[in-house]
Amino acid sequence: MSDSLPTTHDWPTLEKGWVWLCGAGPGDPGLLTLHALNALRQADVVIYDALVQEQILDWAPQAEHIYAGKRGGKPSAKQRDISLRLVDLAREGKKVLRLKGGDPFVFGRGGEEAQTLVQHGIPIRIIPGISAGIGGLAYAGIPVTHRDVNQSVTFVTGHDQSGNATSSLDWNAIAKGSQVIVIYMGMKHIAQITSSLIYAGRDPHEPVAIVTTATTEHQRVLETTLSTATADIEEAGLEPPAIICVGRSVLMRQTLDWQAMAKGHAPRDLDPLGRGRPAESA
């Protein structure tokens, strides 16, 4: 990559005492935004999450790198402590970059950190990132929307603040109201989630895809169904981080698995939805 950013844009300056909350995307360093790269090159200190790839930190060799990863079921820094550390660093006059996997405002607790900073009088800038629920599925060849499949999509988290299954979600309403459901952090409670959706009326044979370590060289994709997902995940030995997609858009992977095609594999089915629609010119 060139050492310089395009000169056709007035790139913002990360000032001392500021905190920029930045999304690093789902994993592949190439999915960083130019604003994120600009921030990395200016920061005095980068506080980064568990899902941020080490290669991304190489773009900030001048900065101190502080790990603040939070992983379910593993010893992690408390969210309040992370937020207050950002405040302290800013008050020391540092140029602070808070680097979070995916998008900081999509199940990333970026809103909580931003709120704490504002409450303490720390100036902030928000840099969105590509969320795993979109980018991760795209790398698996699954469009999160497709006009032959869905006019709605619902993004949900698979656990609450305590790490338990999310009790505040109305699974009955979600099952009936959303054609495609994308679930973050749902592996631990996959049996309860799939059972809730089936109980609420979803077809037990409905397609499900689980994408782990999305967009990285370690990405794995499991195609299964609501009724068999729990057993298939266990048999495959899949582990978080993972994105789970429920809905017929999963079938499009049979045509759009572009990573497999790049290795010379032919599409499994050019018309997985069975619509028989001719190709359109526009």
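The values are calculated or read from the model by the stated rules, or taken from the named source; none is laboratory data. The shown structure was predicted, so the numbers you read here are calculated from the model rather than taken from an experiment. Methodologically, a virtual Cβ is constructed for each residue, glycine included, from the backbone with ideal geometry; neighbour enumeration extends over all protein chains shown.
Tell me whether segment 243-256 contains one or more residues that are part of a loop (DSSP other than H, G, I, E, B) and under 23 Å from L51 (Cβ atoms). Explain how you work it out, then say what you get.
Start the filter on segment 243-256 by keeping residues that are part of a loop (DSSP other than H, G, I, E, B), which leaves 247.
Going one step further and asking which of them are under 23 Å from L51 (Cβ atoms), we end up with none.
Within segment 243-256, not a single residue is part of a loop (DSSP other than H, G, I, E, B) and under 23 Å from L51 (Cβ atoms).
Does A214 qualify as being of a type in the set (G, A, S), within 21 Å of L251 (Cα to Cα) and assigned to a loop (DSSP other than H, G, I, E, B)? First the steps, then the outcome.
Numbers: of a type in the set (G, A, S): yes; within 21 Å of L251 (Cα to Cα): yes; assigned to a loop (DSSP other than H, G, I, E, B): yes.
The answer is yes for A214.
Counting only residues that are part of a helix (DSSP H, G or I) and in contact with a strand residue (DSSP E or B) (Cβ under 8 Å, 6 or more places away or on another chain), which one in segment 43-86 is modelled with the lowest pLDDT?
So in segment 43-86, the residues part of a helix (DSSP H, G or I) come out as 54-57, 79-86.
Retained after the next criterion (residues that are in contact with a strand residue (DSSP E or B) (Cβ under 8 Å, 6 or more places away or on another chain)): 56-57, 82, 85-86.
Working: I56: 97, L57: 97, I82: 94, R85: 97, L86: 98.
If we take residues in segment 43-86 being part of a helix (DSSP H, G or I) and in contact with a strand residue (DSSP E or B) (Cβ under 8 Å, 6 or more places away or on another chain), then I82 is modelled with the lowest pLDDT.
Go through segment 38-61 and give me each residue that's touching a helix residue (DSSP H, G or I) at 6+ places or on another chain (Cβ under 9 Å) and either within 24 Å of E112 (Cα to Cα) or buried (at least 21 other Cβ atoms within 10 Å of the Cβ) (or both). So that I can check it myself, show each step before the final result.
As a first pass, look at segment 38-61 and keep what is touching a helix residue (DSSP H, G or I) at 6+ places or on another chain (Cβ under 9 Å): 40, 44-48, 51, 53, 55-60.
Selection gives L40, D44, V45, V46, I47, Y48, L51, Q53, I56, L57, A60.
I'd like the full set of residues that are part of a helix (DSSP H, G or I), buried (at least 16 other Cβ atoms within 10 Å of the Cβ) and free of Cβ contacts under 8 Å to residues at least 60 places away in the same chain, limited to segment 88-130. Walk me through how you get there before you give the answer.
Step one: filter segment 88-130 for residues part of a helix (DSSP H, G or I), giving 88-91, 110-119.
Applying the additional criterion that residues be buried (at least 16 other Cβ atoms within 10 Å of the Cβ) yields 89-90, 110, 113-114, 116-117.
Answer for segment 88-130, where residues must be part of a helix (DSSP H, G or I), buried (at least 16 other Cβ atoms within 10 Å of the Cβ) and free of Cβ contacts under 8 Å to residues at least 60 places away in the same chain: just T116.
Looking at (1) in contact with a helix residue (DSSP H, G or I) (Cβ under 7 Å, 6 or more places away or on another chain); (2) crowded, with 23+ Cβ neighbours inside 10 Å; (3) assigned to a helix (DSSP H, G or I), which is the one condition that is false for C22?
In the conditions (1) in contact with a helix residue (DSSP H, G or I) (Cβ under 7 Å, 6 or more places away or on another chain); (2) crowded, with 23+ Cβ neighbours inside 10 Å; (3) assigned to a helix (DSSP H, G or I), C22 misses (3) alone.
Please determine, by comparing only the residues of segment 220-239 that are within 24 Å of W171 (Cα to Cα) and small (G, A, S), which one is surrounded by the most Cβ atoms within 10 Å (Cβ to Cβ).
Filtering segment 220-239 for residues that are within 24 Å of W171 (Cα to Cα) and small (G, A, S), the one surrounded by the most Cβ atoms within 10 Å (Cβ to Cβ) comes out as A229.
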